[in-house]
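Quick note: the coordinates plus some simple rules give every number you see, no bench work behind them. Model, not experiment: these values are computed from the prediction. Backbone-built Cβ (ideal geometry, glycine too); neighbour counts: all protein chains shown.
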Amino acid sequence: QVQLVESGGGLVQPGESLRLSCAASGIIFRINAMGWYRQVPGKQRELVAGITGGSSTNYADSVKGRFTISRDIAKNTVYLQMNSLKPEDTAVYYCNATITYRYDYPPRDYWGQGTQVTVSS
């Protein structure tokens with residue numbers, strides 16, 4: 001069984017920073033990719049940033065230049081450094097990972113429980 005546990009959300013003022021963390025635990029053969037999504041009430045969940053096994057990254061246009069995704073392979077952990085936060089960044093942020101459980105099993109997606117980020121003065 002694989003679990004993703006997120007931490008680091010909270011309430012900040014516009015212009016401030018937050019760092020989210022997501023650690024994968026359980027029986028893991030390989031983590032193929034990890035990423036962060038966010039969702040606000042009434043809207044679809046959207047990709048914020050992703051990082052592949054080869055450390056290639058991609059970002060939503062709305063966060064380019066402000067957010068940075070990184071991963072610690074040894075710790076099975078992905079981070080999202082969020083700088084210059086804006087009120088429109090307010091959302092529940094979810095960690096996602098595509099994980100291969102065993103070498104002969106197909107990879108599947110796992111999700112964290114979500115962490116609230118609120119940007120407000």
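Report the full-extension gain for the segment Val5 to Ser70: residue separation times 0.36 nm, less the Cα-Cα distance, to one decimal in nm.
Values: separation 65, 0.36 × 65 = 23.40 nm, distance 1.60 nm.
Full-extension gain reported as 21.8 nm.
Under unit Cβ charges (Lys, Arg +1; Asp, Glu -1), what dipole magnitude, rounded to 20 debye, does segment 14-121 have relative to its Cα centre? Provide the component values of the computation, followed by the final result.
Values: 12 positive and 8 negative charges, 27 e Å.
The dipole of segment 14-121 has a size of about 120 debye.
Can you compute the FRET efficiency between Ala60 and Ile28 using 1/(1 + (r/R0)^6), with r the Cβ-Cβ distance and R0 = 41 Å? Round to the nearest 0.05. Before the final figure, lay out the partial values.
Values: r = 27 Å, r/R0 = 0.65.
With R0 = 41 Å, the Cβ-Cβ based efficiency is 0.95.
Pop a pseudo-label 7 angstrom from the Cα along the beta-carbon direction at both Ser84 and Glu46 and give the gap in nm to one decimal.
So the label points at Ser84 and Glu46 sit 1.7 nm apart.
Which percent, nearest 5, of DSSP beta bridges in the chain are antiparallel?
Working: 43 of 46 bridges.
Around 95 percent of the beta bridges assigned by DSSP in the chain are antiparallel ones.
With unit charges on the beta carbons (Lys and Arg positive, Asp and Glu negative) and the dipole taken about the Cα centre of the chain, which residue among Ser21, Gln113, Ile51 sits farthest to the positive side?
Going by the Cα projections, it comes out as Ile51.
Could you give the C-alpha radius of gyration of segment 1-53 expressed as a fraction of 2.2 N^0.38 Å, taking N as the number of residues it contains?
Values: Rg = 13.7 Å, N = 53, 2.2 N^0.38 = 9.9 Å.
Normalised by 2.2 N^0.38 Å, the Cα Rg of segment 1-53 equals 1.38.
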